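Below is one structure, written out as structure tokens, with a few remarks after it.
The values are calculated or read from the model by the stated rules, or taken from the named source; none is laboratory data. All figures in this text were calculated on a predicted structure; none of them were measured in a lab. All Cβ positions, glycine included, derive from the backbone under ideal geometry; neighbour counts span all protein chains shown.
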């Protein structure tokens, strides 16, 4: 899935339902690293909605004006938390 934020196209994947948890990877990888590491932890825990985000410029996300990766959840919450 993608969320357009100004000139940034943010790629994300959602697993599960419930309380949202934003999961953001580090540099030089994409959401699949965190997905592979964390999804086994949620095998028996079904009360969380896991939102795996590719930071701009990595994975399938297109780079844009979002320079502070710590703030990428803010517009995501405003525009796309109901997806």
Restricting the search to region 7-17, which residues are modelled with pLDDT of 90 or more, in a strand (DSSP E or B) and more than 10 Å from the chain's Cα centre (by Cα)? 15
Only one residue in 13, 39 is in contact (Cβ under 8 Å) with a residue 24 or more places away in the chain, more than 16 Å from residue 77 (Cα to Cα) and in contact with a strand residue (DSSP E or B) (Cβ under 7 Å, 6 or more places away or on another chain), so which one is that? 39
How many residues does region 18-41 hold that are at negative phi, at pLDDT below 90 and not in a strand (DSSP E or B)? 4
